[in-house]
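Below is one structure, written out as structure tokens; comments come after it.
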Amino acid sequence: MYHKYVVLAFSLGALLITGCGAGAKITIPSYSPPREEAKIKKMVTKSDEIPEGAYIAIAISPNVLNVKRAMPKMKNFLIDNIKAKITQTNFIALNPIASENDVLLIMSVNNYQYTKSANKRSLELEVSFTLSRGAEEFLSKSYKASKNRQSQDVVNLPSESELASEAAKDVVEDFVADISPLKTFQLREFKSLPDEIAFAIDYAKRKNYSGAIKAMENYKGKRDMNFYYDLAILYEAQASVNEDLSGLEQADENYNMALSKGGSKDELVTAAKARFDNFYELLEKTKSQDAKNQGLIKNRNGELGTSTDEFE
């Protein structure tokens, strides 16, 4: 009996130490950096016509080389996916008019193999992407995708077009991840809070970030490392959804408060702050570059006699 009481007492003590909300996690929007950032910097173009400064833009060649090796829709699959992924962050603009001073993207189908049997469909795709300005080549790289589906029921098997579309999406995403920031998601883990404010974490799990922030800001109790760290996550989550830089400034302030109150020695806090810093810096760069790119788009659309809205 004595041992049972000891175990029970220990368990209750651990619960009190852990507090409420510890270990709860949420997923928040973030950005992944371009993998070939050094090469992309060479693509920056300066022009007196663009008052906002240097821009980064590509023009897509309408001719996909060796596309006859693939199915007829492959050209559209590749071009449509490029447009969708590149414009996700607008770090790189799609140039509506290509001149000899602009960066051109040329795609080539290196391999396309589609096979089917009674209960299996397979597709292999390899596409090379080349970015160049005249004779100057910035990037030339091949990307592969493999798709395999099996089912005893033929009705459940995808068509060749469906597999080709999926494969095109995969190779394009790999390519764009090399040259541009991409939207992604990251996990954030909360620390424990006092009982009277722990409901804020439940709000956060339901994506009610504004309600959670309001509750935290109105809290009259002790504001320790855990408090500022959790509040930083809430501000980061809310700002990330709308890509609000002012909200990220508030998140940064609260992360720094958490660090000053012992968080600099806490692995969870320092790791979250490092990931936040990377996202904050990348979002600032992306928004700044997007603003410069819009100068090009406005200028080129003026030459075409169209509006930016029509182009988009």
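Within the range 76-97, is there a residue that is more than 30 Å from Asn156 (Cα to Cα) and part of a strand (DSSP E or B)?
yes
Among the candidates Ala70, Ala57, single out the residue that is closer than 16 Å to Asn293 by Cα, in contact with a strand residue (DSSP E or B) (Cβ under 7 Å, 6 or more places away or on another chain) and touching a residue at least 40 places away in the same chain (Cβ under 8 Å).
The match here is Ala57.
Does the range 40-52 include one or more residues that are modelled with pLDDT of 60 or more and either farther than 30 Å from Gln289 by Cα or hydroxyl-bearing (Ser, Thr, Tyr) (or both)?
Checked the range 40-52: at least one residue is modelled with pLDDT of 60 or more and either farther than 30 Å from Gln289 by Cα or hydroxyl-bearing (Ser, Thr, Tyr) (or both).
Of all residues in the range 191-216, which are over 29 Å from the mean Cα position of the chain (by Cα), within 15 Å of Tyr228 (Cα to Cα) and in contact (Cβ under 8 Å) with a residue 40 or more places away in the chain? Quick ask: steps written out before the conclusion?
If we filter the range 191-216 for residues that are over 29 Å from the mean Cα position of the chain (by Cα), which is where we start, we get 193-199, 215.
So of that shortlist, the ones also within 15 Å of Tyr228 (Cα to Cα) come out as 193-194, 197-198, 215.
Matches in the range 191-216: Leu193, Pro194, Ala198.
Return the residues of the range 240-268 that are charged (D, E, K, R) and either in a helix (DSSP H, G or I) or touching a residue at least 12 places away in the same chain (Cβ under 8 Å) (or both); say none if nothing qualifies.
Matches in the range 240-268: Glu243, Glu249, Asp252, Glu253, Lys261, Lys265, Asp266, Glu267.
Which residue out of Lys191, Lys214 is under 16 Å from Glu267 (Cα atoms), at pLDDT 95 or above and either in contact with a helix residue (DSSP H, G or I) (Cβ under 6 Å, 6 or more places away or on another chain) or of a type in the set (Lys, Arg) (or both)?
Lys191
Among the residues that make up the range 62-81, is at least one of them in contact with a helix residue (DSSP H, G or I) (Cβ under 7 Å, 6 or more places away or on another chain) and over 30 Å from Ser161 (Cα atoms)?
There is no residue in the range 62-81 that is in contact with a helix residue (DSSP H, G or I) (Cβ under 7 Å, 6 or more places away or on another chain) and over 30 Å from Ser161 (Cα atoms).
Those residues that are closer than 27 Å to Asn299 by Cα and basic (Lys, Arg), I need them from the range 88-134; list them, please.
Within the range 88-134, Arg133 is the sole residue that qualifies.
Please find, within the range 198-251, the residue that is farthest from Thr184 (Cα to Cα) out of those that are surrounded by fewer than 19 Cβ atoms within 10 Å (Cβ to Cβ) and among the acidic types (Asp, Glu).
Across the range 198-251, the extreme among qualifying residues is Asp224.
Which one is surrounded by the most Cβ atoms within 10 Å (Cβ to Cβ), of the residues in the range 127-158 that are of a type in the set (A, V, I, L, M, F, W, C) and either assigned to a strand (DSSP E or B) or in contact (Cβ under 8 Å) with a residue 12 or more places away in the chain (or both)?
Val127
Closer than 27 Å to Thr270 by Cβ, modelled with pLDDT of 95 or more and not assigned by TED's automatic domain parsing to the domain that holds Ile56: which single residue out of Ala177, Ala200 fits that description?
Answer to the selection: Ala200.
Based on what the data block shows, is Glu100 of a type in the set (D, E, K, R), assigned to a helix (DSSP H, G or I) and either in contact (Cβ under 8 Å) with a residue 40 or more places away in the chain or not assigned by TED's automatic domain parsing to the domain that holds Gly221 (or both)?
No: the conditions fail for Glu100.
The values are calculated or read from the model by the stated rules, or taken from the named source; none is laboratory data. Note that this is a predicted model, so its numbers are computed, not measured. Neighbour counts run over all protein chains shown; Cβ positions are idealised from the backbone, glycine included.
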